[in-house]
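Take a look at the structure below.
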Amino acid sequence: MLERLPGAVLALVLAPSIAVAGPFARVTNGDNDGAGSLRAALESGATKILIARSVDEIVVTETLEYTGTAPLTLFGTGQLIDGSGVEPNSEPVIAVTEGANLSITNLTVDAGGGNEFGPYNRLNQGGGKGIFIAVPEDRTGTVRLNMWNVTVMGTGNHGVHVSDCSLADDCGGGGGGGGDGSPASVAVRAIGVLIEDSGNGKQDADGLRVDERGDGNISFFAINSAFNDVGADGVELDEGNNGDVIINVSNSTFDFNGEYCVVGPFIPGDPCDDDGDPDVDDAFDVDEAGPGSVRGSVRNLTVINNFDEGLDFDEEDEGGFNVRITNVFAQNNADEGIKLSEEDDGNNRARLRGIIADGDLEFEEEDGGLLDIAISGSFVGDDMKLAADDGDPTTIDGFYKERNTIVIDERDFEGDIVEL
Ligand SMILES: [Ca+2]
Ligand SMILES: [Ca+2]
Ligand SMILES: [Ca+2]
Ligand SMILES: [Ca+2]
């Protein structure tokens, strides 16, 4: 049965640990629909939904939709939401259709596509997205997605997707910032989030994907999280038009992402590498286009076994990079462990410390602006590649400062780069 309590009553029940305002609903069974179901709660007008501990599993046969605009909080208590039977199976398990803020805690969302035949096996590719927020074109402010202790798995499409882009699922393919979007920003916070065995049903399906267009930024905060065995990028942040990408990612793992590289059925064991077409993908991919920069920090990351680059950040048009990269263990990635490419006006400024990489590190800067790279206390198992040549030998193209760092192969510098 579905109980609805006024917020004031609930606040008394839960005080002081959780302060809750707004209409409340309690989910008391794992049914697809009907009284006491999660679907009924989502349709009731409630904005705070608690799933009772007595519910182990919620099995749904169609998308769980929230069509409201008020911020929604979904308090799980360790349940699995089994979306393997969602029809059609290209549809998401959970959809926020009008760009409402979503906070979700203590839940596992399984779209059912999983590696039923063993690890890293792509034979079973069903399942749509896990959690999807569609942002309407008139949304303003900031669209917030907060996930705490959430697992998403078995998705054929993106595991988690926030789309503020008129091109919908065609947004961001290949970058460049095409499409339009709302005036709103998008902010995602992931704390203790695991996205695994996802994005293995189609090309360019990521673990966590944000498409942001029009005015507004992408802010991405993640800690104690993991993005593993995703078909395309573990995380892709794709920002266009005005606005920045602001990252703060720490104590997290990106393992075995980007293998899905064929159109049509995937053939396990088929050669699949960065030289072929279609593309393999990265651990963590940032594409920023239009006016705006990429700034922030990553630290204490394990970035291993990915099928293209580890950290692959691209910035174009006005703006540059200003990032701090600390304690990143990047091993056995097919291409560069860390690659930052900057085009048009703006600098490529990065401060690196405590990097342990078995492959190359690469930093590129084009057009107006300077390359400004400092690295300390690091081990680079292959080349340190810097490229910033403006073709004019009378001007300085960049600065490079290296301390207490071992570079096993070459320092491969293009341009007039001053070593400090
Ligand atoms: Ca926007
Ligand atoms: Ca934007
Ligand atoms: Ca830019
Ligand atoms: Ca530049």
Original post:
If you take the charge dipole of the chain about its Cα centre, with +1 on Lys and Arg Cβ and -1 on Asp and Glu Cβ, which of A222, L107, A184 is farthest toward its positive end?
Top reply: L107
Original post:
Taking the simple approach of a point 7 Å from Cα along Cα-to-Cβ for both R403 and R53, what is their distance in nm?
Top reply: 5.2
Subject >> Peptides ranked, highest mean first, by Cβ atoms within 10 Å: ranges 401-408, 146-153 >> reply: 146-153, 401-408
Original post:
L420 to D170: extension gain in nm, 0.36 nm per residue of separation minus the Cα-Cα distance?
Top reply: 85.6 nm
Original post:
Relative contact order of the chain: what whole-number percent is it, with Cα pairs under 8 angstrom and at least 6 residues apart?
Top reply: 7
Original post:
So what are the ³J(HN,Hα) numbers for region 184-193, from phi and the Karplus equation (6.51, -1.76, 1.60; θ = phi - 60°), rounded to whole Hz, Gly and Pro as x?
Top reply: 6, 8, 10, 10, 10, 10, 10, 10, x, 9
Original post:
Ordered by packing density, taken as the mean number of other Cβ atoms within 10 Å over each peptide's residues, highest first, how do 58-66, 409-417 rank?
Top reply: 58-66, 409-417
**OP:** Based on a Kirkwood Rh over C-alpha pairs, give the Stokes-Einstein translational diffusion coefficient of region 316-420 at 37 °C and viscosity 0.692 mPa s in µm²/s.
**Re:** 241
**OP:** At a Cα cut-off below 14 Å, give the aspartates and glutamates reachable from K48, other chains included and same-chain residues fewer than 8 away excluded.
**Re:** E3
Original post:
Using alpha carbon centroids, what distance separates region 126-198 and region 29-66, in Å?
Top reply: 22
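Computed FRET efficiency, Cβ-Cβ of D180 and T67, R0 30 Å: what is it to the nearest 0.05?
So the FRET efficiency works out to roughly 0.85.
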Subject >> Exceeding the 27 Å Cα-Cα cut-off - candidates K129/K385; K202/K339; K339/K401 >> reply: K129/K385
Original post:
³J(HN,Hα) across region 290-301 via Karplus (A = 6.51, B = -1.76, C = 1.60, θ = phi - 60°), whole Hz, x for Gly/Pro?
Top reply: x, x, x, 10, 10, 9, x, 9, 10, 7, 6, 10
**OP:** Please express the Cα-Cα pair-distance distribution P(r) of the chain as a list of whole percents, one per 20 Å bin, running from 0 to the bin with the greatest distance.
**Re:** 27, 54, 17, 1
Subject >> FRET E, pair T142, N106, Förster distance 25 Å, beta-carbon r, rounded to 0.05 >> reply: 0.55
**OP:** Go ahead and run the numbers for FRET between T395 and I191, Cβ-Cβ distance against an R0 of 51 Å, rounding to 0.05.
**Re:** 0.65
Subject >> Residues whose placed amide H lies under 5 Å from that of S250, excluding near-sequence neighbours >> reply: A222, I223, N224, R299
**OP:** Please report the relative contact order for region 32-119, taking Cα pairs under 8 Å with a sequence separation of at least 6, and give it as a percent rounded to a whole number.
**Re:** 29
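Any read-out appearing in this document is the output of simple, stated calculations on the displayed coordinates, not a laboratory observation. Because the structure is a prediction, the values reported are computed rather than measured. No Cβ is skipped: glycine too gets one built from the backbone with ideal geometry, and neighbour counts run over all protein chains shown.
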